[in-house]
Amino acid sequence: MANKRFVTVIGGGAAGLAAAVRAAECGARVTILEHNDRVGKKILSTGNGKCNFANRLQKPEFWRSGDPDFPWAVISRFPVDEVERFFENLGIVVTERDGYLYPASGQAASILDVLRRRADHLGVRTVVNCHIEEIRDQKKLTAGSDRFQIRTDCGNYTADAVILATGSKAAPRSGSDGSGYAIAERYGHRIIEPLPALVQLRCAENFYKKISGVRVRARAALREKASGTVLAEDTGEVQLTDYGISGIPVFQVSRYASRALADGKKLCAVLDFWPDRTEEELFDMLVQRRTVLGETELSEFLTGWFNRKLGNLLMERAGIRFDAGSGAVSDLADKNLKNLARMIHSFPTDVTGTNSFEQAQVCCGGIDVREIIPETMESRKRSGLYFAGEIVDVDGICGGYNLHWAWASGFAAGSAAACGS
């Protein structure tokens with residue numbers, strides 16, 4: 001019987017746990033080195049604590065990367081049906097909401113519990129509060145020897161294969177501090193600058209404090225100001241905050257904002273507060289509303305359509321005075337209604353930045369995937385070195401896609417590391 005390979009997984013998050021379980025299932029002796037006081041800390045906060053761990057709707061463009069074909073090459077080897085089957089076999093009863101998959105318990109802790117239980121059953125050794133000090137190649141005592149020596153503050157380890165699953169720089173309170181990038185660089189890997197993604201956008205205008213707390217269905221389109229090019233757009237519930245805009249549609253476009261701002265580009269977001277109608281149709285609606293509400297005070301013109309704080313702002317930005325004594329709805333000219341229709345349909349706001357890594361759910365950027373073999377997640381620079389999860393330049397949209405990436409990349413790395421291929 002062949003000797004078991006020793007696999008060390010650095011990082012015990014979602015990707016690290018998936019990699020460790022799969023490597024152990026394939027017969028390897030596996031050790032997880034985790035610098036937190038427990039593994040899987042970030043899993044507990046996913047999906048607002050309910051853990052949306054995958055999604056039935058699958059398209060290659062739901063994952064973004066410097067090499068757009070790379071994520072799908074990995075995901076397609078571990079599709080959503082296999083993700084669901086894997087967790088069902090661990091005891092998770094899966095529920096679905098509009099394609100989003102959750103544990104029926106409604107607790108992210110359930111996903112972590114079954115992963116830990118499976119790892120323990122397979123004999124995976126877990127070392128917590130363990131900080132990596134150095135990883136270097138073991139001196140070749142015999143021909144073909146290419147093992148790793150890992151020095152930590154809690155002992156030294158030797159491994160045939162190392163899987164780096166240390167996460168990105170997003171949500172550092174969960175333990176993601178970007179420490180794995182230096183290890184990858186030590187082996188010659190290029191790091192694409194990590195930037196916040198799935199994060200709120202900060203805007204320049206001073207009116208946001210007046211509308212903070214408003215939630216509204218809208219389309220958010222991110223535009224480059226110089227060219228007018230739409231970089232990305234999405235529709236859903238937008239949250240207006242005291243510093244700018246938030247909500248899932250904003251998160252979906254935010255990685256493009258991060259990258260463009262880092263490149264020195266000027267950006268604006270254009271919000272469509274009634275995205276199912278054209279500007280011309282909105283004008284017709286406003287004309288009809290003027291007829292119906294003719295004797296109503298101007299301040300009440302949008303009551304019943306928009307949140308009052310947002311309605312007042314739309315009127316202000318359209319140049320319509322609605323203070324006491326300013327008249328009735330019937331006094332509105334067609335020009336006023338055209339301006340208002342334009343504000344409802346195409347509300348511009350200058351984007352000055354994103355919130356920090358502390359508020360970001362994931363990062364864009366990381367280890368350049370062109371230096372990684374997608375079938376195995378093995379380094380093209382150093383055989384026996386593998387990567388999994390957010391440490392690489394792959395980020396998914398909201399909806400379970402980043403956890404799916406963690407499972408798929410972790411399983412690919414774990415399988416290959418255990419077999420030495």
For segment 88-98, check the following and say yes or no: at least one residue is in contact (Cβ under 8 Å) with a residue 40 or more places away in the chain and either closer than 18 Å to residue 407 by Cα or aliphatic (A, V, I, L, M) (or both).
no
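Give the residue that is least open to solvent (accessible area, probe 1.4 Å), with candidates limited to residues of segment 34-77 that are hydroxyl-bearing (Ser, Thr, Tyr) and not in a helix (DSSP H, G or I).
If we take residues in segment 34-77 being hydroxyl-bearing (Ser, Thr, Tyr) and not in a helix (DSSP H, G or I), then 65 is least open to solvent (accessible area, probe 1.4 Å).
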Condition first: under 16 Å from residue 294 (Cβ atoms), surrounded by 16 or more Cβ atoms within 10 Å (Cβ to Cβ) and hydrophobic (A, V, I, L, M, F, W, C). Now tell me which residues in segment 309-339 satisfy that.
320, 322, 329, 332, 337
Search result, residues across segment 278-297 that are open to solvent by 40 Å² or more (accessible area, probe 1.4 Å), part of a loop (DSSP other than H, G, I, E, B) and without any contact (Cβ under 8 Å) to a residue 60 or more places away in the chain
293, 295, 296
Check whether at least one residue in segment 82-94 is under 17 Å from the mean Cα position of the chain (by Cα) and either of a type in the set (Ser, Thr, Tyr) or modelled with pLDDT of 95 or more (or both), and report yes or no.
no
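Listed here are the residues, each with its yes/no results for (1) out of contact with any helix residue (DSSP H, G or I) (no Cβ under 8 Å at 6 or more places or on another chain); (2) surrounded by fewer than 15 Cβ atoms within 10 Å (Cβ to Cβ); (3) touching a residue at least 40 places away in the same chain (Cβ under 8 Å); (4) part of a loop (DSSP other than H, G, I, E, B).
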residue: 173; (1), (2), (3), (4): yes, yes, yes, no
residue: 216; (1), (2), (3), (4): no, no, yes, no
residue: 222; (1), (2), (3), (4): no, no, yes, no
residue: 237; (1), (2), (3), (4): no, yes, no, no
residue: 251; (1), (2), (3), (4): yes, no, yes, no
Quick test of your reading of the structure: residue 143 fulfils all but one of (1) in contact with a Lys or Arg (Cβ under 7 Å, 6 or more places away or on another chain); (2) at pLDDT below 95; (3) not charged (D, E, K, R). Name the failing condition by number.
(1)
Looking only at segment 190-211, how many residues end up being under 20 Å from residue 344 (Cβ atoms) and assigned to a loop (DSSP other than H, G, I, E, B)?
2
Which condition does residue 201 not pass, out of (1) crowded, with 21+ Cβ neighbours inside 10 Å; (2) without any contact (Cβ under 8 Å) to a residue 24 or more places away in the chain, if it passes all the others?
(2)
Those residues that are hydroxyl-bearing (Ser, Thr, Tyr) and more than 15 Å from the chain's Cα centre (by Cα), I need them from segment 45-77; list them, please.
76
Need pairs with beta-carbon distance below 6 Å; first residue closer than 15 Å to residue 284 by Cβ and within segment 327-342, second open to solvent by 30 Å² or more (accessible area, probe 1.4 Å) and aromatic (Phe, Trp, Tyr); sequence gap 6+ or separate chains.
337/283; 338/283; 341/283
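The values are calculated or read from the model by the stated rules, or taken from the named source; none is laboratory data. Please read these numbers as outputs of a predicted model, since none were measured by experiment. Cβ sites come from the backbone with ideal geometry, for glycine too, and all protein chains shown count toward neighbours. The protein model used for the area step is the full one, side chains on, heavy atoms only, and it has no ligands, DNA or RNA in it. Shrake-Rupley method; radii C 1.70, N 1.55, O 1.52, S 1.80 Å.
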